[in-house]
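First up is the structure itself, then whatever we jot down about it.
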Protein chains: 2
Amino acid sequence: MEMAKRSFPLSKVYGLLEPGPVVMVTTAAGVKMNIMTMSWHTMLDFDPPLVGCVISNRNYTFGILKKTRECVLNIPTAELAKQVVACGNTSGRKVDKFKTFGLTPAAASDVKAPLIDECYANLECRVVDTKMVAKYNFFILEVLKAWIDPSKKAPRTIHHLGRGAFMVAGVTIKLPSKMK
Amino acid sequence: MEMAKRSFPLSKVYGLLEPGPVVMVTTAAGVKMNIMTMSWHTMLDFDPPLVGCVISNRNYTFGILKKTRECVLNIPTAELAKQVVACGNTSGRKVDKFKTFGLTPAAASDVKAPLIDECYANLECRVVDTKMVAKYNFFILEVLKAWIDPSKKAPRTIHHLGRGAFMVAGVTIKLPSKMK
């Protein structure tokens, strides 16, 4: 990893995905890398972290994920909003999204899919359950390795509201809680 | 409905849940109503809206939902943060959360579970698939009816970051997009 990122504990990954940020899913089919934009995901378990996500069978990523069973969930911040939308509006069948949108692939440690260097966090994932794919396009992923940019203390994640509108993460409040 | 809420198109429900707000799940076991706090949910389909969510088998709500197959997903804003945490830190086995935390139940139209009047949006749901419950505590819900408070133009939803920390929805940005 050439990024200034550090390894992030798997037991804390839920705190990155629970708030519902848009993520950029990267895959690799041989040397051909792709990116898709995704908002339909949820945590399913804490540690090892399991993530459920919907990837439509109309997306180029669907076939690659089924075949390679590997991807990276890259979490962008507001600075990348244009690239997020651009990746959502184009297909990897026609466009090399890394090149076209000026994003930098970096080698992952546990999967062949690339990390997006510009994203503040990256979750290397393996597909562990495809029983819900046929009916709901719902893949279950295990996070194998997580990376975070420690300099981003309050990442301005973006949260899709539909049709190109995004809520940008605001202030953080803290309440006494026994909840994990 | 005594609330100043209007019916909300089912085709637009995804825009309420995609950004990942904490929701308060209400159920009814006969006359006994309950509330639980939940962050592990995702859209699965647009219209009719399907929602997948994790409700732990340790939660009082789990048994009620399995039996009644009905619930309401109530979306709170920052004003309700204390009640959200309080509902997460207590069990309906011991506490009447509506009474204890000063929340107001309102009659739903299509299910017996109550709406939480103070929440800015309410989604009446029926359980439509329990195949993933045994392994992942993952329920699939169909939204039958949606309500929204039309006066809340930019609802300050709250998004759990772990251990009582919440990100409060910030500004909204809009980009040209072909994405739904």
Volume in Å³ per residue [convex hull over Cα atoms, computed for the range A:107-179]: 190 Å³
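Can you give the accessible area per residue of the range B:1-123, in Å², using a 1.4 Å probe?
Accessible area per residue, the range B:1-123: 39 Å².
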Highest-MSF residue in chain A out of A:Val72, A:Val85, A:Val25 [GNM, Cα springs under 10 Å]: A:Val85
For chain B, built as a Gaussian network whose Cα springs stay under 10 Å, the top-fluctuating residue of B:Ala134, B:Ala108, B:Ala78: B:Ala134
Chain A, relative contact order in percent, only Cα pairs under 8 angstrom and at least six apart counted: 27 percent
Within chain A, helix-based [θ] at 222 nm, where runs of 4 or more DSSP H residues each add -39,500 (n - 2.57), nearest 500: -4000 deg cm²/dmol
Under 20 Å from A:Lys180, Cα to Cα: aspartates and glutamates that are on another chain or at least 8 residues apart: A:Glu18, A:Asp45, A:Asp47, A:Glu142
Whichever aspartates and glutamates have a C-alpha closer than 13 Å to that of A:Lys66, once near sequence neighbours (fewer than 8 apart) are set aside: A:Asp129
Averaged over B:74-81, number of beta-carbon atoms from partner chains that fall within 10 Å: 1
Within the range A:101-145: backbone nitrogen closer than 16 Å to the A:Ser7 label point (7 Å, Cα to C-beta): A:108-111, A:122-125, A:143-145
Cα-projected label distance for B:Asp47 with B:Lys152, points at 7 Å along beta-carbon direction, nm: 2.3 nm
Rounded percent of accessible protein surface that carbon and sulfur make up, the protein assembly as shown, 1.4 Å probe: 53 percent
Cα centroid of the range A:45-88 to Cα centroid of the range B:114-151, whole Å: 25 Å
Tail weight of P(r) past 30 Å, computed on alpha-carbon pairs of chain B, percent: 11 percent
Simple Cβ-charge dipole of chain B, Lys/Arg +1 and Asp/Glu -1, about Cα centre, in debye nearest 20: 360 debye
About the Cα centre, charge dipole magnitude for the protein assembly as shown (Lys/Arg +1, Asp/Glu -1 at Cβ), debye: 180 debye
Whether the range A:20-97 is rounded, prolate or oblate, judged on the alpha carbon gyration tensor where a/c under 1.5 counts as rounded: oblate
Long pairs among A:Lys94/B:Lys153; A:Lys174/B:Lys112; A:Lys145/B:Lys131; A:Lys99/B:Lys174; A:Lys97/B:Lys5, criterion Cα-Cα beyond 31 Å: A:Lys94/B:Lys153; A:Lys174/B:Lys112; A:Lys97/B:Lys5
Cα-Cα separations in the protein assembly as shown greater than 41 Å, expressed as whole percent: 8 percent
Contact surface A-B: accessible area buried, both sides summed, square angstrom, 1.4 angstrom probe: 4800 Å²
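The values are calculated or read from the model by the stated rules, or taken from the named source; none is laboratory data. Remember, it's a predicted structure, so these values are computed and weren't measured experimentally. FYI the Cβ positions are ideal-geometry reconstructions off the backbone, even for glycines, and counts take in every protein chain you see. Quick note on the areas: whole protein, heavy atoms, side chains included, nothing else; ligands and nucleic acids left out. Shrake-Rupley method; radii C 1.70, N 1.55, O 1.52, S 1.80 Å.
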